[in-house]
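Quick notes on the structure that follows.
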Amino acid sequence: MKLLFLGLVLTLTLSIASYAQTTVGGPYFSNITWNISGSPYTLTSDVQLPEGVVLTIEPDVIVNFSGDFEILVQGIIIANGNNTSPIIFNGDNGTNDHSMINFDDNNNLSASLISYIIFFGTQSAIKLDGENSVSDTLHVLNSTFNNASIYNYGYDSRIFEISNSSFTNSDIRKDGREIKVFNSDFENGTIYSNSNSNFYIENCNINNSLIHLDYNNSKVEIVESNLQNIEVFDYGNAIYSTLFILRNSHINGIQLALDYNSVVEMYNSRIEFDIINPFVFETGVIECCEIAGNNEGTALKINKDLQLNNSTISDCSIGIEITDMVNTSITIDSCNFYNYNLFAIKNYSDQVVTANNNWWNRLDSTSIANIIYDYYNNINSGIVNFSNYLITPDTHCVDNPTLYEIVETAKNTIILYPNPSTGIINIDGRTILQVEIYNTSGVLIKSTTNNKIDISKQAKGVYLVKIVTKKGTITKKIIIE
């Protein structure tokens, strides 16, 4: 992902002294070029480009907005800087209704090009507005947005596509049309989705930000991305639905709270959380995911329906909590549960929960029953049916290559069982390069490359197991009884 350095801006700013400032405003009825000899160009009123008119802005040009003005593009704008000579847009710092560039009722978006521009707010950077029957795409490439947001308003089939760009303290808002973002960085902002078109994000880094799904059938889909310290929420509405999809991605720190007709789908992803209730939603489909906490809180809180397959939930107080909502349908199949302080499943609903072919880090039905809260704890709750259970972890999705290209750490991708143990230790996970076992005094007592280890002759107590894999080294504790 391309990041443009602000030091370049200082160089450009110092260089403008040799050029005369050009004030601009009003409509152009013929093609025009803004070049370095006339830079900086300062808008003292709106600049308007009627259909058929082309404005070309050359590299190194600086464009200043002296008030709440815009470049209204019904024609074509070619603003194409380069890596060493970007174009600078300095927005107005007041309270503004206009964006710096506004594509309003434009029927030839793909003819325009926005590339290698650095936008400074607080004025918003780009708006795609109006309605048009033409299917078309506006491309924004290699640009930087500093406190300068993007808006896409309208309900036609035109698409706003952003690639290789970075956003800091800036929002991207979709209210109608589809937005696609590729290979970009997003920090300290809000991704806002309203209405039934898709907000698609692929191969991006999203940090310390909000993802807001409004009530009107909104959808956000995130693919092959890294997210850190993210909050996902909606306003909640009993009529409209919201949809959040995560594929082949890694999240480190999340609070997801979606109400009413919300649907969450997660596939081939790893999620780490450190708060009490990281996931609260109505309906979910989760396949081949790892969800790991910090030994407290509830991993999944479900208000209605859940299909959970081939996934691992670990390191939390409660794995899954099912609320007392009616008409729930919960199916949990071929999953692993371990390192939970209270319950693997807590069923507050009066519905039967089907939980077959799962590994519970327990080897008999009595021990498994002790970590499941259901009818036998409270007759108002439905039964959790776990009659078919695994005695070794499910490994369908342990070595998902797409997931581990994204997740750089080896944390919690290795499973030791049983734990506590009588001395025979099994290790499931990635390819094991080396295993070393130490006592609490730091003395090495075993070194091997096998994934089945016998330390039954050692004294009872706590031992440290150091595991070396292709993706890194992790250390886990095991208790020998």
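The values are calculated or read from the model by the stated rules, or taken from the named source; none is laboratory data. For clarity, every value in this text was computed on a predicted model and none was experimentally measured. Glycine also receives a Cβ, built like all others from the backbone with ideal geometry; neighbour counts cover every protein chain displayed.
Things to note:
- Lone unmet requirement of (1) farther than 19 Å from Glu221 by Cβ; (2) modelled with pLDDT under 90; (3) assigned to a loop (DSSP other than H, G, I, E, B) for Ser157: (1)
- Summed over the range 196-239, residues that are at pLDDT below 85, more than 17 Å from Asp171 (Cα to Cα) and buried (at least 19 other Cβ atoms within 10 Å of the Cβ) total 2.
- Residue within the range 62-75 that is assigned by TED's automatic domain parsing to the domain that holds Asn35, of a type in the set (Asp, Glu), closer than 24 Å to Lys174 by Cβ and part of a loop (DSSP other than H, G, I, E, B) present: yes
- From the list Ile117, Ile101, Ile78, the one residue that fits, being out of contact with any Lys or Arg (no Cβ under 8 Å at 6 or more places or on another chain), β-branched (Val, Ile, Thr) and either buried (at least 22 other Cβ atoms within 10 Å of the Cβ) or not assigned by TED's automatic domain parsing to the domain that holds Tyr28 (or both), is Ile117.
- If only residues of the range 179-195 that are of a type outside the set (S, T, N, Q) and surrounded by 20 or more Cβ atoms within 10 Å (Cβ to Cβ) are counted, the one that is nearest to Thr122 (Cα to Cα) is Gly189.
- Failed item, numbered, when Cys397 is tested on (1) closer than 15 Å to Glu290 by Cα; (2) of a type in the set (A, V, I, L, M, F, W, C); (3) at pLDDT 55 or above; (4) outside any loop (DSSP other than H, G, I, E, B): (4)
- Options Asn341, Asn380: the member that is surrounded by fewer than 21 Cβ atoms within 10 Å (Cβ to Cβ) and part of a loop (DSSP other than H, G, I, E, B): Asn380
- Near pairs, Cβ below 6 angstrom, 6+ apart or cross-chain, from the range 333-349 (farther than 12 Å from Pro393 by Cβ) to any residue that is at pLDDT below 90 and assigned to a loop (DSSP other than H, G, I, E, B): Tyr348/Thr323; Tyr348/Asp324; Ser349/Asp324; Ser349/Thr328
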